[in-house]
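Q: The structure is given below, and queries will be raised subsequently.
The values are calculated or read from the model by the stated rules, or taken from the named source; none is laboratory data. Predicted model, so just to flag it, every value in this text is computed and none were measured. Counting neighbours? That spans all protein chains shown, and the Cβs are built from the backbone with ideal geometry, glycine included. With ligands, DNA and RNA removed, areas are computed over all heavy atoms of the protein, side chains included. Shrake-Rupley method; radii C 1.70, N 1.55, O 1.52, S 1.80 Å.
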Amino acid sequence: MINYLGAVLPTFYNMIIRKNILRTFLFGLSLLLSVAAWISCERVDTDADDPGIALQHGEVDHLKGSQFVTVTASGEWTITLSFGGDEDDWAEVDAVSGYGNRNNILLRYSENGSESDRSVTLVLTASGKDATCTLVQKGVAGSTGGDDPGPGGDDVPQAVPLWLELPEVSTDEGMRFVMHDMTVGGIPTRNYSLLWDDDALVARWVAYPLSRWSIGTEDVGRTDDWQYDPDVPREFQPCLYKGFPSGGSYGYDRGHQIPSADRQNRNSNRQTFYFTNMTPQRSGFNQKIWANLENHVRRIADGTDTLYVVTGCIVEGSTDTANDNEGKKVTVPSFYFKALLKYQKTGATSGVGGYSAAAFYLEHRNYSQDAPDASMLMSIDELEERIGIDFFVNLGRVLGEANAARVESEKPAEGIWL
C-alpha cells in the first residue's frame, strides 16, 4: 500500500504544476478515493456463500393453497420441513434437493380445519450451513387472510362506479364484478376492474385507464408475483403458480389482459399477476402479434391525455380447455379484443369533444405476421355488434348520448390508430 501511494503522489504533484489546478485536484481526489475504496474492500468479510431461503408470504389464512419458495445457494442443497405442534405432513415442497439458486419451488399446504394456528419451518442445508423460514397458517377462528389472499367474493358487494373505461357490467349468474385500487404519487386511484366468469375461469374483460401517470415511474419491469386474486373465492380461480402445463398441439402462456408493462409501480404491477388477470394464450399468439398490439396501445396512450382500455376475450363456442396446476379446466378463448377510447384535450383530429374510439378484434391463433393490420381494426359499434357487449356506457354522461353514439360509430382512421 505504501509503495502504491509513493507511486501515485509524485505523479499527482507533477500534474498540479503542469495542468489546470482545479481539474487536476478533482482527478487526484477521485484517485485517492479509489485507493480508499480499495483498502475498505480488502477489509470486508463477505458471507456470499451463506445459503438463504424465503417465502412469498409468511402468514396465510386457513384455506388450502400454495406459494413459491426461493432458495439461494452456491452448490448442492436439501430442504427439510419441521412442523410445530402435534400435526405434521400438512405441507410439502415439490423439490427437497437441488443445486444452485431456485425461485420456482412450490410449497403446498392443506386446509387448517382447527381453530388454532399452526406452523412449519423450512430448513435449507447447503455448504454445511442452515437457513430457515417459517410459514404460519391461521386457524379457522382467527383467519383474517394475513398477507396472503383471503377468500373474498360475494360477502363484499360493490357498486359499479361511473368510470369512462367501463362497459356494461353483466348481472348473469356466475359473473363477478371486481375492482382493484392502487396509489400513484401518493394519490389513491383505480388500477383496473374486471368481469370474472366462475365457469370459464377467465375474466370476460379487464378495463383500466392508461396514461404516463397511471403507468407509474418505478420501472419495476415484471414482479412475477403470481398469486390468487383476494377478491374472488379461490375455488372459482385457477391455480397458476407454474403456468399451464404443456400438452396438446401447442403450449399456452399465462396471458395478461392488463399487461405488466401498463403498471410499473411495484404494488400496482403485483396486481397484474393475479390469476384472474390470466387467460390461456397460445405462445405464438401471446409473444408475437398480441405483444406487439400491447406495445402499440401504449404508444397511442403516450400521445394522449388518457386512453381508456377494455381488453377481453370470447369464450362462447370454445371447446378447448387448459388444465391449471390442480387439474381444473380453464376455457381457452377463441377471440381477443381491445376497445379503446382516447381523450386528447387539444389537437384531436377526429371524434367529438376530444374523444375518439377504435377497436381491435383478433382470432386466437398463430399468425404469420407480427403486427395487427387494417382487417383487425374496426369501430366500437362494429365490435359491439360482433360480441354483444355495450362499451363505454358512461361516455354519454360526458358528451351527451348523440355525441357518444357518433364517437362509437366513427370508422377509425388507419393513419391514426395503426
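Q: Quote to one decimal, in nm, the extra length available between Ala402 and Thr70 on full extension: 0.36 nm per residue of separation minus the C-alpha distance between them.
A: 113.9 nm
Q: Express the relative contact order of the range 216-320 as a whole percentage, based on alpha carbon pairs under 8 Å and six or more residues apart in sequence.
A: RCO, the range 216-320: 29 percent.
Q: Past the 17 angstrom mark, what percentage of all C-alpha to C-alpha distances in the range 315-409 do you count?
A: Of all Cα-Cα distances in the range 315-409, 61 percent exceed 17 Å.
Q: Give, in nm to one decimal, the length gained when the segment between Val220 and Ser170 is fully stretched (0.36 nm per residue of separation minus the Cα-Cα distance).
A: Extra length from Val220 to Ser170 when fully extended: 14.6 nm.
Q: Okay, moving on. What order, most packed first, do the peptides 260-266, 293-299, 190-196 have when packing is the mean number of other Cβ atoms within 10 Å of each residue?
A: So the order, starting with the most tightly packed, is 190-196, 260-266, 293-299.
Q: Roughly speaking, what is the centre-to-centre gap between the range 92-128 and the range 313-332 when only Cα atoms are used, to the nearest Å?
A: First find each Cα centre; the distance between them is then 30 Å.
Q: Another one. May I ask you to order 219-227, 114-122 by the average number of other C-beta atoms within 10 Å around their residues, highest value first?
A: 114-122, 219-227
Q: Could you please state how large a percent of the accessible area of the range 189-338 is carbon and sulfur, counting protein chains only and using a 1.4 Å probe?
A: 42 percent
Q: Taking the alpha-carbon distance from Lys129 and a cut-off under 18 Å, which aspartates and glutamates remain once sequence neighbours fewer than 8 residues away in the same chain are dropped?
A: Asp45, Asp47, Asp49, Asp50, Glu76
Q: Please give the contour-minus-distance gain from Lys129 to Lys329: 0.36 nm per residue of separation, less the Cα-Cα distance, rounded to one decimal in nm.
A: Contour length minus Cα-Cα distance gives 67.7 nm.
Q: Filter Lys328/Lys411; Lys288/Lys328; Lys138/Lys288; Lys242/Lys288; Lys242/Lys338; Lys138/Lys329 down to the pairs with a C-alpha to C-alpha distance above 32 Å, please.
A: Lys328/Lys411; Lys138/Lys288
Q: Pairs of Cα atoms under 8 Å, at least six residues apart: use those to get the relative contact order of the range 338-418, whole percent.
A: 33 percent.
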